[in-house]
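> Pasting a structure here, questions to come.
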Amino acid sequence: MGSKPRFGFVNPTPHPDPKHWEPYSDTGLRYRTRLYNLTGLQELTEETMEVYRILRNLMAEKHRTKMGITKEEFESYADQLMHRLIHIVQYNGSELPNQNALIFGLFGHAALAHVTTFIGNPARRGSVLELMSTRIRASLEVIDVQSFQIAYPEMMLWIIMVGGLASTGTENQGWFAELFSESCLAVGINRITELALFLLEFLWSDSYISPVCKEFWDDFAAAHARKL
């Protein structure tokens, strides 16, 4: 996924959005303005926020009692989303105007891990998730996480959480649990219910706390207990 750094926007989706899909939320509009102001990259900002909007709608579809689109349409949107995210993470880092722009790659890798874990085909999981969590960790290790969290509060907390969920069962799990605990405490979050409320307007799903994710949350609880 990162072997040929480049950036090129894909063509618009071959079919229009379903009428019941939400447009940009207030949070989405706020992030679109903030990302552009902090990075100066208008096209990359627009593409990132568009895939974020689609991701929110796909998660809403997945949790409806009866989806408003067909299974085939859902899979088509998910595949298109994966391709668009790959384009985002392949953006040539040497062209980034400032460190703030590293947020695009962080979001892209986290969203890829999210689609693979919670939306896509289970056959894609395993080593793909370990690769994504490793790349997210590598990016987090070269930035000032606290300053990024001030600039992008909900997005950064979501990125770190998804990186942790993707790292379940790998050597990265403990590292993410520690960082996620520190990041939650930085914004005054002590409980999962508080975390859900904090992330609800950005992106939250009860799938994040399903039994398959228990190992990460156990590590997180232990790390949190040591800091309280």
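The values are calculated or read from the model by the stated rules, or taken from the named source; none is laboratory data. None of these values were measured; they are calculated from a predicted model. Reconstructed Cβ throughout: ideal geometry from the backbone, glycine too, with neighbour counts over all protein chains shown.
> Given 126, 68, 105, which one is among the small types (Gly, Ala, Ser), at positive phi and either at pLDDT 85 or above or surrounded by fewer than 18 Cβ atoms within 10 Å (Cβ to Cβ) (or both)?
Details: 68 fails: at positive phi; 105 fails: at positive phi.
Unique residue meeting the criteria: 126.
> Quick one: is residue 143 within 21 Å of residue 35 (Cα to Cα) and hydrophobic (A, V, I, L, M, F, W, C)? Can you show your working first?
Working: within 21 Å of residue 35 (Cα to Cα): yes; hydrophobic (A, V, I, L, M, F, W, C): yes.
Criteria met by residue 143.
> For the list (1) assigned to a helix (DSSP H, G or I); (2) among the hydrophobic types (A, V, I, L, M, F, W, C); (3) touching a residue at least 12 places away in the same chain (Cβ under 8 Å), I need the number of the one condition that residue 203 fails.
(1)
> Among (1) at pLDDT below 95; (2) exposed (fewer than 15 other Cβ atoms within 10 Å of the Cβ), which single condition is residue 197 missing?
Checking residue 197 against (1) at pLDDT below 95; (2) exposed (fewer than 15 other Cβ atoms within 10 Å of the Cβ), the one that fails is (1).
Rundown of residues vs (1) buried (at least 19 other Cβ atoms within 10 Å of the Cβ); (2) of a type outside the set (D, E, K, R), yes/no style:
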{"residue": "20", "(1), (2)": "no, yes"}
{"residue": "23", "(1), (2)": "no, yes"}
{"residue": "50", "(1), (2)": "no, no"}
{"residue": "58", "(1), (2)": "yes, yes"}
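> Does residue 84 meet the test of being under 26 Å from residue 152 (Cα atoms), modelled with pLDDT of 90 or more and among the charged types (D, E, K, R)? Full working, then the answer.
Working: under 26 Å from residue 152 (Cα atoms): yes; modelled with pLDDT of 90 or more: yes; among the charged types (D, E, K, R): yes.
Against the criterion (under 26 Å from residue 152 (Cα atoms), modelled with pLDDT of 90 or more and among the charged types (D, E, K, R)), residue 84 qualifies.
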